Amino acid sequence: MIKWLEHQRIRYTLSHHPIAFEIWEAVLHDYPIFQGLSSVERARLRELATLFLHRKTLAGVQGLTLSTEMAVTVAAQACLPILELGIEYYDGWVEVVIYPAAFRVTRDRQDEAGLVSQEEQALSGESWLQGPVIFAWEEDADDLTHAHAGRNVVIHELAHKLDMLNGSANGMPPLHPEMDRQRWSEVFGHAFESLKQRLSHHHPPPINPYAATAPAEFFAVVSEYFFADPQTLNHHYPALYEQLTLFYRQSPLDR
Ligand SMILES: [Zn+2]
């Protein structure tokens, strides 16, 4: 019964609040990350983006006014990782907060002696457990036009959300029953350690070195590459690319 009601609700949303076709086509046409999607995938992405806009509240802050095009652009990117997973993978939170540019936050920091001090940081995005997804529009606009290859702040923050589905962000999202947990841990552990090694020897990193800061950041960064620059990821970490195709149930390399 619940399933049937949910199904009716989804059908109602899709038929009464669809994303305007012209806006949708323009967004998909303008950005390389959407290139190569089949017509079936484009239609599914449009459905997911419609549901995303209906279920989440997108709010611009610090004077940022969100146009319909901007909201659709955000929703389309946000739904790329769940294209073969479903909108329920984003259950449990509603807010998307968008800053015009990198934003400053003040955080408590505790040193080894237990002394707590306040630290100011500039962030391009962050995700809270059961809380909002936050990112800077300027950063996303640069990512979309390939100013930074393999980067996508929206996908980064939503990868954290997927990671947090089974508790805290630790680099392991809830794997599907047919996946091998041990294989995932080996492949990710090995790639993470080898990236840290390269950095400690001052060798140029094959991907954004921010990935080496924690397993959770590693998963978020490689998810960005998986969608925004799959060639680079598959070239340097083929086993890891394969694990991500199993988790996301898609292969952006084939597009
Ligand atoms: Zn992160």
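The values are calculated or read from the model by the stated rules, or taken from the named source; none is laboratory data. Since the structure is predicted, the reported quantities are computational estimates derived from the model, not experimental observations. Heads up, the Cβs are rebuilt from the backbone with ideal geometry, glycines too, and the neighbour counts pull from every protein chain shown.
Apart from one condition, Asp108 fits all of (1) under 19 Å from Pro252 (Cβ atoms); (2) assigned to a strand (DSSP E or B); the exception is (1).
For Glu84, the stated conditions hold: it is within 17 Å of the chain's Cα centre (by Cα), in contact (Cβ under 8 Å) with a residue 40 or more places away in the chain and surrounded by fewer than 17 Cβ atoms within 10 Å (Cβ to Cβ). Taking the stated definitions as given, is Ile155 in contact (Cβ under 8 Å) with a residue 12 or more places away in the chain, over 20 Å from Tyr225 (Cβ atoms) and β-branched (Val, Ile, Thr)? So Ile155 fails the test.
Being within 16 Å of the ligand (Cβ to nearest atom) and more than 18 Å from Thr245 (Cβ to Cβ) is a property that Ala211 has.
Collect the residues in region 223-241 that are more than 16 Å from the chain's Cα centre (by Cα), touching a residue at least 12 places away in the same chain (Cβ under 8 Å) and within 12 Å of Val187 (Cα to Cα), keeping them in residue-number order. Answer for region 223-241, where residues must be more than 16 Å from the chain's Cα centre (by Cα), touching a residue at least 12 places away in the same chain (Cβ under 8 Å) and within 12 Å of Val187 (Cα to Cα): Tyr237, Ala239, Leu240.
Scanning region 214-255 for residues that are more than 16 Å from the ligand (Cβ to nearest atom) and in a loop (DSSP other than H, G, I, E, B), we see that the one that is farthest from Glu178 (Cα to Cα) is Asp229. When you go through (1) closer than 25 Å to Phe226 by Cβ; (2) among the aliphatic types (A, V, I, L, M); (3) surrounded by fewer than 17 Cβ atoms within 10 Å (Cβ to Cβ) one by one for Val61, which number turns out not to apply? Among (1) closer than 25 Å to Phe226 by Cβ; (2) among the aliphatic types (A, V, I, L, M); (3) surrounded by fewer than 17 Cβ atoms within 10 Å (Cβ to Cβ), the lone unmet condition for Val61 is (1).
So which residues in region 104-131 are surrounded by 11 or more Cβ atoms within 10 Å (Cβ to Cβ) and out of contact with any Ser or Thr (no Cβ under 9 Å at 6 or more places or on another chain), if there are any at all? Hits for region 104-131 are Val105, Leu123, Ser124, Gly125, Glu126, Ser127, Trp128, Gly131. Residues in region 112-132 include at least one that is within 16 Å of the ligand (Cβ to nearest atom), more than 16 Å from the chain's Cα centre (by Cα), at negative phi and not polar (S, T, N, Q).
Can Pro204 be described as farther than 16 Å from Tyr225 by Cβ, in a loop (DSSP other than H, G, I, E, B) and away from the ligand (no atom under 16 Å from the Cβ)? Lay out the reasoning, then the answer.
Details: farther than 16 Å from Tyr225 by Cβ: no; in a loop (DSSP other than H, G, I, E, B): yes; away from the ligand (no atom under 16 Å from the Cβ): yes.
The answer is no for Pro204.
Among the residues of region 1-41, the ones that are touching a helix residue (DSSP H, G or I) at 6+ places or on another chain (Cβ under 8 Å), more than 19 Å from Leu80 (Cβ to Cβ) and either in a loop (DSSP other than H, G, I, E, B) or modelled with pLDDT under 80 (or both) come to 2 in all.
Out of Ala169, Ala214, Ala220, I need the residue that is free of Cβ contacts under 8 Å to residues at least 60 places away in the same chain and touching a helix residue (DSSP H, G or I) at 6+ places or on another chain (Cβ under 7 Å). Which one? After applying the criteria, what remains is Ala169. The residues of region 140-179 that are away from the ligand (no atom under 14 Å from the Cβ), of a type in the set (Gly, Ala, Ser) and part of a helix (DSSP H, G or I) amount to a single one, Ala141.
Candidates Trp24, Trp4: the one that is among the hydrophobic types (A, V, I, L, M, F, W, C) and without any contact (Cβ under 8 Å) to a residue 24 or more places away in the chain is Trp4.
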